[in-house]
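The values are calculated or read from the model by the stated rules, or taken from the named source; none is laboratory data. All values reported here derive from a predicted model rather than from experimental measurement. Here Cβ is always computed from backbone atoms with ideal geometry, including for glycine, and neighbour counts include all displayed protein chains.
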Amino acid sequence: MFDRLQDQPADKILALMQAFKADPREDKIDLGVGVYRNAEGVTPVMRAVKEAERRLVETQETKAYTGLAGDPAFADAMIGLILGETVARDRIAAIATPGGTGACRQGFELARLANPDATVWCSDPTWPNHLSILKFMGMPTRTYRYFDEATALVDFDGMIADLEGVASGDIVLLHGCCHNPTGANLTDEQVGRVIAILTERGAVPMIDLAYQGFGDGLEADAAATRAIASAMPECLIAASCSKNFGVYRERTGLLMAISADASDTPTTQGNLNFLNRQTYSFPPDHGARVVTMILTDPDLRADWEAELEEVRSSMLDLRDQLAGELARLTNSDRYAFIARHRGMFSRLGLPSEVVERIRADHGVYMVGDSRMNIAGLNSETVPKLAQAIVAAEKA
Ligand code: LMR
């Protein structure tokens with residue numbers, strides 16, 4: 001039977017990772033997959049994570065199963081981090097999931113269980129795996145305009161015009177902060193207008209929050225999610241700890257489903273538990289337990305927040321350096337948006353041939369849509385990238 005299988009389309013981000021590995025050039029630069037790297041090119045285990053793991057090894061007495069939803073303390077700690085006190089706890093059902101991808105998948109599954117006709121609206125562009133998972137599940141999708149290629153900022157008029165077409169019960173997938181792949185984000189006022197339209201249309205927002213703490217800080221990066229979740233009757237939130245805790249391979253995420261009325265929460269929770277049981281039974285626990293220890297221990301939490309802040313400000317410095325270097329080389333403010341974008345990514349708005357020349361001639365790898373991971377740079381490689389961009393554009 002396996003001889004009947006067809007090749008699957010390659011994930012463009014993961015394919016780029018492979019191509020980078022295979023490139024023998026010593027001065028190659030990886031700006032592809034969204035993994036934070038420090039100035040030495042290392043993705044470090046964060047100090048608080050190391051310490052929490054040490055304590056866990058010393059004190060953990062069992063590895064027997066947790067509940068289907070994972071450790072309830074993990075959900076409580078994450079809900080506090082993401083929503084603060086903005087939504088009543090008894091309206092929130094939550095499950096631990098394998099990473100943010102698992103949270104997205106279970107969120108789509110829950111939406112489909114609740115409304116098999118729901119269309120999922122994604123920003124154009126969005127993280128490619130959103131669309132890939134939805135296609136694999138056979139869920140209907142539509143896109144709304146999001147990015148203005150000319151300014152490299154949000155095409156807000158286009159977004160609003162498209163969201164006017166959303167039907168009652170549809171799911172509108174939004175990025176909580178640090179939009180992937182563009183780096184262009186909504187202002188608070190724009191978030192308010194999106195809330196008004198979704199309310200008017202009777203749509204359900206689903207927020208993918210994978211980069212809290214990577215943009216303007218932990219609180220600021222949660223602001224849009226809090227505004228939406230507190231204003232709307234129902235909301236799904238898919239959160240990832242991969243980036244902000246640096247626990248990529250531990251697969252640590254949380255899906256929240258906020259019901260309009262607390263009386264619906266037990267059934268929503270039961271459906272989430274059911275989905276976990278059908279997929280993998282119990283979600284991974286190690287990363288979740290480490291995150292819980294960090295969030296609930298004042299010293300560990302302070303150290304984690306301090307290190308996350310170092311990570312965030314190093315990315316902002318690199319943004320400023322790159323925007324400055326490109327302004328100098330092009331004698332224009334054409335690339336000023338790089339300093340305005342937030343998070344790990346910026347979409348540069350370069351044609352795919354230019355991206356390809358940058359890779360072939362200069363060994364700099366970015367995703368074909370010209371998304372670059374700013375954390376793949378350091379102060380020595382910034383000038384090299386700026387020169388490569390300018391040279392490839394002229395060629
Ligand atoms: C990315 O967008 O590069 C990351 O979210 C990693 C991934 O799984 O694609």
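A compact table of results
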read-out: Matching option when the condition is basic (Lys, Arg), crowded, with 20+ Cβ neighbours inside 10 Å and touching a residue at least 12 places away in the same chain (Cβ under 8 Å), among Arg340, Arg301, Arg347, Arg277; value: Arg347
read-out: Test result for Met1, loosely packed, with under 13 Cβ neighbours inside 10 Å, among the hydrophobic types (A, V, I, L, M, F, W, C) and away from the ligand (no atom under 16 Å from the Cβ); value: yes
read-out: Elements of type helices (runs of 4 or more DSSP H) in the stretch 1-95, at least 2 residues being touching a residue at least 60 places away in the same chain (Cβ under 8 Å) and out of contact with any strand residue (DSSP E or B) (no Cβ under 8 Å at 6 or more places or on another chain); value: 47-59, 72-83
read-out: Within the stretch 133-252, strands (runs of 3 or more DSSP E) holding 2 or more residues that are touching a strand residue (DSSP E or B) at 6+ places or on another chain (Cβ under 8 Å) and within 16 Å of the ligand (Cβ to nearest atom); value: 171-175, 204-209, 235-240
read-out: Hits in the stretch 371-395 (condition: among the hydroxyl-bearing types (Ser, Thr, Tyr) and not in a loop (DSSP other than H, G, I, E, B)); value: Thr381
read-out: Residues of the stretch 4-20 that turn out to be within 15 Å of the ligand (Cβ to nearest atom) and not aliphatic (A, V, I, L, M), as a count; value: 5
read-out: Some residue of the stretch 380-390 being of a type in the set (Gly, Ala, Ser) and assigned by TED's automatic domain parsing to the domain that holds Ala94; value: no
read-out: Unmet criterion (only one of (1) of a type outside the set (Ser, Thr, Tyr); (2) farther than 30 Å from Ser379 by Cβ; (3) touching a Leu at 6+ places or on another chain (Cβ under 8 Å)) for Gln60; value: (3)
read-out: Which listed residue, of Ala323, Ala306, Ala395, Ala388, is touching a Lys or Arg at 6+ places or on another chain (Cβ under 6 Å) and away from the ligand (no atom under 16 Å from the Cβ); value: Ala395
read-out: Residue match in the stretch 347-363 (condition: within 24 Å of Arg312 (Cβ to Cβ), more than 15 Å from the ligand (Cβ to nearest atom), out of contact with any Leu (no Cβ under 8 Å at 6 or more places or on another chain) and modelled with pLDDT of 95 or more); value: yes
read-out: Meets criteria (of a type in the set (Val, Ile, Thr) and surrounded by fewer than 18 Cβ atoms within 10 Å (Cβ to Cβ)) for Thr182; value: no
read-out: Residues within the stretch 136-188 that are within 19 Å of the chain's Cα centre (by Cα), among the polar types (S, T, N, Q) and under 22 Å from Leu350 (Cα atoms), tallied; value: 4
read-out: Tally, over the stretch 374-385, of residues that are within 15 Å of Asp317 (Cβ to Cβ) and in contact with an Asp or Glu (Cβ under 9 Å, 6 or more places away or on another chain); value: 7
read-out: Asp333 within 16 Å of the ligand (Cβ to nearest atom), in a loop (DSSP other than H, G, I, E, B) and either surrounded by 16 or more Cβ atoms within 10 Å (Cβ to Cβ) or not hydrophobic (A, V, I, L, M, F, W, C) (or both); value: no
read-out: Boolean, Ala39 is small (Gly, Ala, Ser), farther than 11 Å from Tyr365 by Cβ and more than 14 Å from the ligand (Cβ to nearest atom); value: yes
